[in-house]
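What follows is a set of notes on a single structure, which appears directly below.
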Amino acid sequence: MTAKITAFLKFWYDFIVGDDWRIAVAVIAALALTEVVSSTSLPAWWILPAAVALLLPLSLRRAHRRRRPSGLGGPGSR
Amino acid sequence: MSSGALFIAVFLACIVEAVEALTIVLAAGTGRDWRSALIGVVAGVGVLAVAVAALGPALTAVPLTGLRLVVGGLLLIFGLQWLRKAILRAGGLKALHDEAAIFQTALDDARATPSRGRGVVADWYSFTLSFKGVLLEGLEVAFIALTFGANQHDIPLAALAAGAAVLVVTVAGIAIRAPLARVPENSMKFVVGVMLTAFGMFWGAEGAGAQWPGADAALLVLIPSIALFALGLVAILRRAGRPPATAGSSITGEAHS
């Protein structure tokens, strides 16, 4: 029973969060910052684009460091 | 613009997932038992239909600001996942999606597993393989269709786009009776990743109270900007010393098999 619950939770974690949990955490933090800045007189629309512009290269750099060239055809090809 | 983008995003995402589901169903049917595989398809589609029918009206009842914050955030996380994988594939750091190879592996597995029936299902392996394939691939499409549809208050249009894509793939699959290896899946995933990221960003920021300069017209800047940024990242990854994933790859790393 515990194994089934674990598998269920793992499925939803993989489905929503995916390969890099830092992306999910950073998106939530950026949304929270947008909410806070929006309550002031300052513009807040730029926060998410800036977050994506930082997040994506950093996540790709981590993947680049982790994978060897022979990673082609390896697991997780979906 | 938004309705067109909604249709295109859901249609492309659904084509990609339907092609992947078709490969699994073909392997189950060809390698084992067609009747059991098709019962699995019907059961998978049935579960998806119930989930969409239950969640669709519930989502449209949520206040738009809260919906855009939560759904925009989820869509942005989801979109960045798609885009990240697409960039890694195009940059040669991840294997390109190859339906022919996936079909062969699934077919070999299907043929190697002993047969066993349960109830009206003559071959349980074919049934579960098809059922899981349709359900898991379909869940991503259902998520995209529901979130886009609910935000645009146009779930019927999202459902139409998804239905049209499934119909196109089903007809093509019946016609050629082989995995749709020539569908430019990797490029399509790239486009879907860009659109999910752009819409997730747009709705998420609006839900959090931000005002976009130019309101909806901001999407006309966001979508091409994200696409160019992602293509730039692909170029950097390729220049970083990775060999091209396959000979003759296009700019988005498409394998024209």
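The values are calculated or read from the model by the stated rules, or taken from the named source; none is laboratory data. Given the structure is predicted, the values throughout are model-derived calculations rather than measurements. Note that each Cβ is placed from the backbone with ideal geometry, even for glycine, and that neighbours are counted across all protein chains shown.
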Conditions: (1) farther than 30 Å from A:ARG65 by Cα; (2) assigned to a helix (DSSP H, G or I). B:GLU140 meets all but one. Number of the miss?
(1)
Conditions: (1) at pLDDT below 85; (2) under 26 Å from B:VAL169 (Cα atoms); (3) not β-branched (Val, Ile, Thr). B:ALA43 meets all but one. Number of the miss?
(1)
Qualifying helices (runs of 4 or more DSSP H) (wholly inside chain A; at least 1 residues being surrounded by 12 or more Cβ atoms within 10 Å (Cβ to Cβ) and at pLDDT below 85):
A:2-16, A:47-66
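Would you call B:ALA175 away from chain A (no Cβ under 12 Å) and without any contact (Cβ under 8 Å) to a residue 12 or more places away in the chain?
Values: away from chain A (no Cβ under 12 Å): yes; without any contact (Cβ under 8 Å) to a residue 12 or more places away in the chain: yes.
Here the answer is yes, as B:ALA175 does meet what is asked.
For B:THR170, are the conditions met, namely being of a type in the set (Ser, Thr, Tyr), under 30 Å from A:ARG61 (Cα atoms) and touching a residue at least 60 places away in the same chain (Cβ under 8 Å)?
Working: of a type in the set (Ser, Thr, Tyr): yes; under 30 Å from A:ARG61 (Cα atoms): no; touching a residue at least 60 places away in the same chain (Cβ under 8 Å): yes.
Spelling it out, it is not the case that B:THR170 is of a type in the set (Ser, Thr, Tyr), under 30 Å from A:ARG61 (Cα atoms) and touching a residue at least 60 places away in the same chain (Cβ under 8 Å).
Condition (residue is under 20 Å from B:LEU26 (Cα atoms) and over 12 Å from the mean Cα position of the chain (by Cα)) applied to segment B:193-200: is it met by at least one residue? Reasoning before the result, please.
Just the residues of segment B:193-200 that are under 20 Å from B:LEU26 (Cα atoms), to begin with: none.
Looking through segment B:193-200, none of the residues is under 20 Å from B:LEU26 (Cα atoms) and over 12 Å from the mean Cα position of the chain (by Cα).
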Here the residues within segment B:160-183 that are over 12 Å from B:LEU12 (Cβ atoms) and part of a loop (DSSP other than H, G, I, E, B) are B:ARG177, B:ALA178, B:PRO179, B:LEU180, B:ALA181, B:ARG182
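Residues B:LEU83, B:LEU74, B:LEU69, B:LEU55: which one is touching a Gly at 6+ places or on another chain (Cβ under 8 Å) and more than 25 Å from A:ALA63 (Cβ to Cβ)?
On the way: B:LEU83 fails: more than 25 Å from A:ALA63 (Cβ to Cβ); B:LEU74 fails: more than 25 Å from A:ALA63 (Cβ to Cβ); B:LEU55 fails: touching a Gly at 6+ places or on another chain (Cβ under 8 Å).
Going through B:LEU83, B:LEU74, B:LEU69, B:LEU55 in turn, just one is touching a Gly at 6+ places or on another chain (Cβ under 8 Å) and more than 25 Å from A:ALA63 (Cβ to Cβ): B:LEU69.
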By residue number, the members of segment B:184-209 that are surrounded by fewer than 23 Cβ atoms within 10 Å (Cβ to Cβ), in contact with a helix residue (DSSP H, G or I) (Cβ under 9 Å, 6 or more places away or on another chain) and assigned to a loop (DSSP other than H, G, I, E, B) are B:GLY209
Is it fair to say B:GLY138 is closer than 22 Å to B:GLU206 by Cα, touching a residue at least 12 places away in the same chain (Cβ under 8 Å) and within 13 Å of another protein chain (Cβ to nearest Cβ)?
no
Which of the residues spanning segment B:136-154 are surrounded by fewer than 20 Cβ atoms within 10 Å (Cβ to Cβ) and either touching a Gly at 6+ places or on another chain (Cβ under 7 Å) or hydrophobic (A, V, I, L, M, F, W, C) (or both)?
B:LEU136, B:LEU139
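With surrounded by fewer than 18 Cβ atoms within 10 Å (Cβ to Cβ) and under 17 Å from the mean Cα position of the chain (by Cα) as the only criterion, which of B:ALA58, B:ALA49, B:ALA86, B:ALA21 stands out? Let's see the steps before the verdict.
Numbers: B:ALA58 fails: under 17 Å from the mean Cα position of the chain (by Cα); B:ALA86 fails: surrounded by fewer than 18 Cβ atoms within 10 Å (Cβ to Cβ); B:ALA21 fails: surrounded by fewer than 18 Cβ atoms within 10 Å (Cβ to Cβ).
Selected residue: B:ALA49, the only one of B:ALA58, B:ALA49, B:ALA86, B:ALA21 that is surrounded by fewer than 18 Cβ atoms within 10 Å (Cβ to Cβ) and under 17 Å from the mean Cα position of the chain (by Cα).
Suppose we filter segment B:62-113 for residues that are charged (D, E, K, R) and more than 15 Å from B:ALA230 (Cβ to Cβ); how many remain?
If we filter segment B:62-113 for residues that are charged (D, E, K, R), which is where we start, we get B:68, B:84-85, B:89, B:94, B:98-99, B:108-109, B:111.
Of the ones still in play, those that are also more than 15 Å from B:ALA230 (Cβ to Cβ) are B:68, B:98-99, B:108-109, B:111.
So the count comes out to 6.
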Looking at (1) within 12 Å of another protein chain (Cβ to nearest Cβ); (2) not in a loop (DSSP other than H, G, I, E, B), find the lone condition where B:GLY92 falls short.
(2)
Inspect all residues belonging to segment A:32-50 and state whether any of them is aromatic (Phe, Trp, Tyr) and more than 7 Å from chain B (Cβ to nearest Cβ).
yes
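Looking at segment B:61-70, is at least one residue assigned to a helix (DSSP H, G or I), over 24 Å from B:ARG118 (Cβ atoms) and either within 9 Å of chain A (Cβ to nearest Cβ) or touching a His at 6+ places or on another chain (Cβ under 6 Å) (or both)?
Within segment B:61-70, the first condition is being assigned to a helix (DSSP H, G or I), and the residues that meet it are B:64-70.
So of that shortlist, the ones also over 24 Å from B:ARG118 (Cβ atoms) come out as B:64-70.
Then keep just the ones that are either within 9 Å of chain A (Cβ to nearest Cβ) or touching a His at 6+ places or on another chain (Cβ under 6 Å) (or both); that gives B:69.
Yes, segment B:61-70 contains a residue that is assigned to a helix (DSSP H, G or I), over 24 Å from B:ARG118 (Cβ atoms) and either within 9 Å of chain A (Cβ to nearest Cβ) or touching a His at 6+ places or on another chain (Cβ under 6 Å) (or both).
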